[in-house]
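Here the structure comes first, spelled out in structure tokens, and everything after it is commentary.
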Amino acid sequence: MSARRAFTLIELLVVIAVIAVLLGLLLPALGSARLSAQSAMSLSNLRQLQIANDLYATDHDEHYLPASIDIQVADVMPAANLHRWHGERDSTAGAFRARAGSITPYLDDSPAGGASSDVRTCPVFAPTLDDLTGSGAGFERGCGGYGYNRVFVGSRMLRTGADTWDGTLRPDLDDAGSRRVRFADPVATVAWSTSAFLDASGGLIEYSFTEPPAWPQWPEFSPDPSAHFRLSGRTSGVVWLDGHASAEPIRLRPTQTFTAAPEVFENANLGWFADGHSLQLFDYK
């Protein structure tokens, strides 16, 4: 009888080592390919949001979507803050219902009276959104990790100086966004971006606005940044008013903040894709 040849222990260990090396080489490439696909999907989502915005403007006398109909503070009483572009809520302590958002009827994947499940969910940010929903901490459900240029596109600003604007002078201006004709350079005007915000504990939450690097009323001061550089860990997805989308690197980090130290925002990949503290990429000019 002939003896049957089998693997020796050394040969088996060599095969296992080779497989481990191959996996070590392939896994980063697979992870990178997956992130690239998610980034491309996120940019596609942003384009669809702006297409929906343009469709809304066509139906509403050339006015873009209102960002937040009742967020401004009137002279004698605080704003209700119950309506935003992505949904509505019954009280300021409640979460928004995405199905009631003014953008909902204009999204291709939104069933009648329902809420979009794909376009308004950034695939890169989806795990954070799931955690927020599971913990009950998420209140802007429906924005999905995307922020709207509220200060100019989603509201109507009045000029108060050479480089200053204000929307609180007329709270009734919140009922509609700005008209398309007001923007001199749609190719270089931000419409939406990937966005997030820091909560009181320093964790990330969803946030439905992309804030400029300067306050329109006080250009010398900056709001806390909300552009989130999550695509490939270094870039923010941006769609511009003309409808083209791009992945923008972080160019400006906060030096003065209100809710946390500047390095906390930096560690959370929050900042701006603008070159300086101005409204250049956000305003009518």
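In table form, for the structure just shown:
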quantity	calculated
Residue match in segment 246-263 (condition: within 30 Å of Ala95 (Cβ to Cβ), touching a His at 6+ places or on another chain (Cβ under 7 Å) and either of a type outside the set (S, T, N, Q) or open to solvent by less than 40 Å² (accessible area, probe 1.4 Å) (or both))	no
Residue match in segment 208-217 (condition: over 17 Å from Leu129 (Cα atoms), open to solvent by 10 Å² or more (accessible area, probe 1.4 Å), free of Cβ contacts under 8 Å to residues at least 60 places away in the same chain and of a type in the set (D, E, K, R))	no
Meets criteria (farther than 23 Å from His63 by Cβ and either of a type in the set (A, V, I, L, M) or out of contact with any strand residue (DSSP E or B) (no Cβ under 7 Å at 6 or more places or on another chain) (or both)) for Ala184	no
Residues (aliphatic (A, V, I, L, M), crowded, with 19+ Cβ neighbours inside 10 Å and not in a loop (DSSP other than H, G, I, E, B)) located in segment 264-285	Leu270
Selection within segment 213-242 - touching a helix residue (DSSP H, G or I) at 6+ places or on another chain (Cβ under 9 Å), modelled with pLDDT under 95 and within 26 Å of Asp163 (Cβ to Cβ)	Asp224, Pro225
Index of the failed condition, Arg141 passing every other in (1) assigned to a loop (DSSP other than H, G, I, E, B); (2) touching a strand residue (DSSP E or B) at 6+ places or on another chain (Cβ under 8 Å); (3) open to solvent by less than 40 Å² (accessible area, probe 1.4 Å); (4) over 18 Å from Glu266 (Cβ atoms)	(3)
Close pairs from segment 120-141: first closer than 23 Å to His83 by Cα, partner open to solvent by less than 70 Å² (accessible area, probe 1.4 Å) and part of a helix (DSSP H, G or I), Cβ under 7 Å, at least 6 apart	Arg120/Ala98; Thr121/Leu129; Cys122/Ser42; Cys122/Asn45; Gly138/Leu129; Gly138/Leu132; Arg141/Ala98
Residue match in segment 159-173 (condition: of a type outside the set (Phe, Trp, Tyr), within 21 Å of Gln38 (Cβ to Cβ) and open to solvent by less than 10 Å² (accessible area, probe 1.4 Å))	no
Leading residue by the ranking (modelled with the lowest pLDDT) among those in segment 38-61 that are polar (S, T, N, Q) and touching a Cys at 6+ places or on another chain (Cβ under 9 Å)	Gln38
Options Ala268, Ala245; residue that is more than 29 Å from Asp54 (Cα to Cα) and modelled with pLDDT of 90 or more	Ala268
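The values are calculated or read from the model by the stated rules, or taken from the named source; none is laboratory data. The shown structure was predicted, so the numbers you read here are calculated from the model rather than taken from an experiment. Methodologically, a virtual Cβ is constructed for each residue, glycine included, from the backbone with ideal geometry; neighbour enumeration extends over all protein chains shown. The accessibility values were calculated without ligands, DNA or RNA, using every heavy atom of the protein model including side chains. Shrake-Rupley method; radii C 1.70, N 1.55, O 1.52, S 1.80 Å.
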